[in-house]
Amino acid sequence: MSISLEDKGWKCWRVASHRGKNPVRLLMPLLNISFTEAVGLSGNRMNTSYTNLADSVRNLLNGKEAEVIPIKKLEFPPEFRDITNWGASRIAFNYLLSRGYSEDECELLTLKYKLKTAIAGVFGYRIIIPVYMTMGLVNWTGRHIGTSTAIRYRTLTTDRERSKAVGMPQALLSIDRTLWNYNAISTDRGRCLVLCEGPFDAIRLDFHGVRATCMFGKNLSEYQVGLLERVRNNYDSLYVVLDRDSQLESLMLTDKLRHLSPRFLRLPSDIKDPAELNRNQIERLVCSTSQST
């Protein structure tokens, strides 16, 4: 392999897909360490110098100690609250009802995925979906539930100055370096794993018994490809279920995930995105496909 000393990344000379600019993705397989350890060694920064990274790898392979940068702790602000069917958080509960969940399912949903809401502040009138990785809570994204023209999703930033400006904590990892539900999909094993665009898509599938994750948008970053590589062998099949208007994105993902042998599933003609699927449709779309392959 080679590591560029001019910040151009790294690559393997044997496997064409093993290349990139993500130091975490490099360190995990090279040193056989966890995601958390790799984040600490790389400093959790995209601007990590590859000259320093090459020195660190060289020292580690020679048995020398490396400085691990401690990882901070991210906590919810005081205005975040649990979603319940009473009080000020009822608007969030009603939104979940409008998405096709029963009252009992809404209660289970909020507990299972630790969903939060807020009635004021930067994340006011949003359902907050926390993002956990192996080191704990690293980010969250909030889906707006009001009738205004506000941006649909708002996510924490890793930029310290921008965080201060809006009065929010600084994310430990940018959202494109994570996969939703990562701790579950990395420890579980099963017939299939489904990759979706948004968190509500993945929540729908996962809640109804099909292990799922999402890329928080239409594009898959190198970090996220690396994370999928780490969990792919836990599952017999990797399926990709995108929104109906994502034909172009499916072509791009085909190229990025080719080495992971994904299978793209098409939604029923009357369904716009996976979050609209009911339990029976999920079983027909995913479970029947899994049993036949």
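The values are calculated or read from the model by the stated rules, or taken from the named source; none is laboratory data. Predicted, not measured: the structure shown is a model, and the values here were computed from it. Cβ coordinates were reconstructed from backbone atoms using ideal geometry, including for glycine residues, and neighbour counts include every protein chain displayed.
For segment 92-152, the strands (runs of 3 or more DSSP E) that sit wholly inside it and include 1 or more residues that are free of Cβ contacts under 8 Å to residues at least 60 places away in the same chain, under 17 Å from residue 82 (Cα atoms) and aliphatic (A, V, I, L, M) are 116-118, 126-133. Here residue 224 clears all of (1) in contact with a helix residue (DSSP H, G or I) (Cβ under 6 Å, 6 or more places away or on another chain); (2) not assigned by TED's automatic domain parsing to the domain that holds residue 129 except the condition numbered (1). Taken together, the residues in segment 259-282 that are among the aliphatic types (A, V, I, L, M) and in a loop (DSSP other than H, G, I, E, B) amount to 3.
For the structure I just gave you, tell me whether residue 258 is modelled with pLDDT under 95 and either surrounded by 15 or more Cβ atoms within 10 Å (Cβ to Cβ) or more than 18 Å from residue 287 (Cα to Cα) (or both). So residue 258 passes the test.
Here are some residues: 38, 92, 54, 88. Which one is surrounded by 14 or more Cβ atoms within 10 Å (Cβ to Cβ), small (Gly, Ala, Ser) and modelled with pLDDT of 75 or more? Walk me through it before giving the result.
Details: 38 fails: modelled with pLDDT of 75 or more; 54 fails: modelled with pLDDT of 75 or more; 88 fails: surrounded by 14 or more Cβ atoms within 10 Å (Cβ to Cβ).
From the options 38, 92, 54, 88, the qualifying one is 92.
Counting only residues that are within 10 Å of the chain's Cα centre (by Cα), assigned to a helix (DSSP H, G or I) and of a type in the set (D, E, K, R), which one in segment 157-214 is surrounded by the fewest Cβ atoms within 10 Å (Cβ to Cβ)? Of everything passing the filter in segment 157-214, 176 is surrounded by the fewest Cβ atoms within 10 Å (Cβ to Cβ).
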